[in-house]
1. Could you pull the Rg and Dmax for the range 152-209, using just the Cα atoms, both in Å?
2. When the Kirkwood radius is taken over all Cα pairs of the range 134-272, what Stokes-Einstein diffusion coefficient follows at 4 °C and 1.567 mPa s, in µm²/s?
3. Give me the Debye-computed log₁₀ of I(q)/I(0) at q = 0.13, 0.18 Å⁻¹ for the range 221-322, equal point scatterers on Cα only, no solvent, two decimals.
4. List every residue whose amide H lies under 5 Å from the amide H of T84, counting only residues 5 or more places away in sequence or on a different chain, with H placed 1.01 Å from N in the peptide plane.
5. Where is the GNM fluctuation largest for the chain (alpha-carbon springs, 10 angstrom cutoff): S78, S265, S207?
6. Take K290 and K40, extend 7 Å from each Cα along the Cα→Cβ direction, and tell me the distance between the two endpoints in nm.
7. I'd like the Karplus ³J(HN,Hα) series for the range 299-309: coefficients 6.51, -1.76, 1.60, θ = phi - 60°, whole numbers in Hz, and an x wherever there's a Gly or Pro.
8. Scan around T42 for amide H atoms under 5 Å from its own, H built in the peptide plane at 1.01 Å from N, and keep only partners 5 or more places away or cross-chain.
Amino acid sequence: MKRLAKKLLCLVAVLTLSASVLTGCKSKNEKTLFEYAGQKVTFQEAHVYARIMQYQAEAQYGSYFGDKMWSTQVGTDSKGKKITMQDSVKSSVINQLKQIKVLAAHADDYKVKLTKAEKKQLKENVNAFVKDETGKKVMKKTEADKDAITALYKESMIASKVMNAIIKKANVSVSDEEAKTVKVYKLVFTTQKTDSKTGKATAMSASEKKDQLTKAKSALKAIKNGESVSDVAKKFSVNTDNEESYTKGKAELGTKFEDAAAKLSKNEVSDIVETDNAYVIIKMLNPNDKSAAKTNKTTLLQEKQQAAYEKVYKKWTKKADKEWDDSKSVDQDLWKEVKFSYKATTTATTQTQTSTTTATQKSK
């Protein structure tokens with residue numbers, strides 16, 4: 001009886017062990033790194049994106065930054081804490097995946113599916129990735145198999161199609177009048193001064209403004225006496241970024257500047273125009289630059305399309321954004337396991353190569 005009991009206990013232990021192997025704790029790769037707008041992102045998904053960005057950045061900037069590339073400071077956060085290049089890339093990964101997940105989740109709203117041709121392209125892209133040296137490195141480092149890579153590529157393609165569908169439905173356009181481009185040459189006598197330590201701009205005193213107005217009057221007199229605007233700009237040290245092309249409502253110096261410029265014909269020079277922060281002299285170079293207008297029409301259309309897309313996307317994520325906290329919404333302990341390191345070509349290697357080259361040259 002005791003022997004039977006022992007056998008039963010052993011059997012229970014084996015079964016328990018088997019169950020734990022089959023249904024036990026998730027592997028690190030399957031763990032949820034964060035959830036956003038009802039969409040979960042696993043550690044492996046984010047890890048793959050992170051490694052792709054890492055290797056791309058190293059190929060592009062590694063020789064410039066060297067061994068300290070990933071610890072190089074690229075900014076500070078709201079609390080003044082140092083942001084390294086590694087922090088920046090990992091933050092970009094989170095933001096990119098948030099967007100992809102949300103867009104892909106709304107595929108049915110726009111009846112988005114991959115076409116036969118797109119499925120073929122997907123297969124080709126994945127095959128190219130798994131054969132590429134960088135792709136192999138990513139898969140080895142992240143333990144991602146071909147199926148995992150395919151899933152990420154597919155989700156990204158669907159997200160892109162949803163974005164395009166949103167823009168298409170918005171049906172925005174840009175008129176010729178909106179794209180009309182004005183090109184001017186301007187002499188700006190600022191009425192602001194900037195603190196060299198804080199970079200903060202403050203208004204000049206009344207006497208300082210009076211001096212600037214006097215300079216502007218002298219400059220205008222010189223132009224009316226036949227001196228070129230470029231020579232006058234140099235004489236009065238206002239020869240920085242003098243030319244400007246703009247579409248309606250987008251001049252750097254605002255509405256007052258635009259209204260004054262609109263009254264000028266080609267090559268005509270204005271009187272002194274007082275804007276909010278400067279005294280300005282304007283020479284009209286081209287009141288309707290048609291060549292620039294073509295380019296600006298494309299730019300303005302892209303801006304409108306982006307605005308239309310963001311309006312829909314922000315509606316979807318309004319609640320999620322209110323609940324989101326960078327430090328709390330992401331499993332930081334898990335995310336810390338992704339660390340970048342880069343080893344630049346050493347001086348010793350370079351010296352060896354130089355010595356070998358010199359020896360070769362001497363033997364010739």
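1. Every Cα atom of the range 152-209 included, Rg and Dmax give 23.8, 65 Å.
2. 63 µm²/s
3. The calculated log intensity ratios at q = 0.13, 0.18 Å⁻¹ are -0.63, -0.94.
4. V74
5. Ranking S78, S265, S207 by mean-square fluctuation puts S78 first.
6. According to this spin-label approximation, the distance is 6.1 nm.
7. Along the range 299-309, the couplings run 4, 5, 5, 4, 5, 5, 5, 4, 5, 5, 5 Hz.
8. Here L33 satisfy the definition.
Read-outs throughout are calculated quantities, based only on the coordinates presented, and are distinct from any laboratory measurement. Note that this is a predicted model, so its numbers are computed, not measured. Neighbour counts are summed over all protein chains in view; Cβ atoms, including those assigned to glycine, are modelled from backbone coordinates with ideal geometry.
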